Amino acid sequence: MDRKELEEQIFEMISQLYKKDVEELTLETTFADDLGGASVLMVGLVSEIENELDVMIQLQEAAACETIGDLVDKVEEEM
């Protein structure tokens, strides 16, 4: 999977969990300010990433990501 495909999949997951249109999301979108930063949603997102992309990512590491781009970087490192 290339970087663009990974970004698109993660945007889609975030869109569904955070109830945002994919068009509103960018790599600079922040979890805390732009998406509301609900920790329960981050738990769901990490679970979705692990299930859909077959990659293990620590919740603590994912929660430390400020932007969607940071999260994509972290997932890419683990692949």
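Every number in this text was worked out from the coordinates using simple rules, so none of it is lab data. Bear in mind that the values here come from a model prediction, so they are computed numbers and not experimental data. Glycine gets a Cβ as well: all are built from the backbone with ideal geometry, and neighbour counts include every protein chain shown.
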Paramagnetic reach from Met1 (point 7 Å along Cα→Cβ, amide N under 14 Å) across segment 46-79: 46-57, 71-79
Contact order normalised by residue count of the chain, Cα under 8 Å, 6+ apart, percent: 34
Efficiency of FRET between Glu77 and Ser47 - r from beta-carbon atoms, R0 25 angstrom, step 0.05: 0.85
Karplus-derived HN-Hα couplings along segment 45-54 (A = 6.51, B = -1.76, C = 1.60, θ = phi - 60°), whole Hz, x at Gly and Pro: 5, 4, 4, 5, 4, 4, 6, 7, 9, 6
3J(HN,Hα) from dihedral phi, segment 57-69, Karplus parametrisation 6.51/-1.76/1.60, rounded to Hz, x for glycine, proline: 9, 6, 4, 4, 5, 5, 5, 6, 6, 7, 10, 4, x
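Calculate for the chain the 222 nm mean residue ellipticity that helices alone would give, adding -39,500 (n - 2.57) per DSSP H run of length 4 or more and normalising by residue count, nearest 500 deg cm²/dmol.
Taking each H run of at least 4 residues, the total per residue is -18500 deg cm²/dmol.
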Listed peptides 5-12, 35-42 by packing density, highest first (mean Cβ within 10 Å): 5-12, 35-42
Karplus (6.51, -1.76, 1.60) ³J(HN,Hα), θ = phi - 60°, over segment 30-44, in Hz, Gly and Pro reported as x: 9, 5, 6, 8, 7, 10, x, x, 5, 5, 5, 5, 5, 4, x
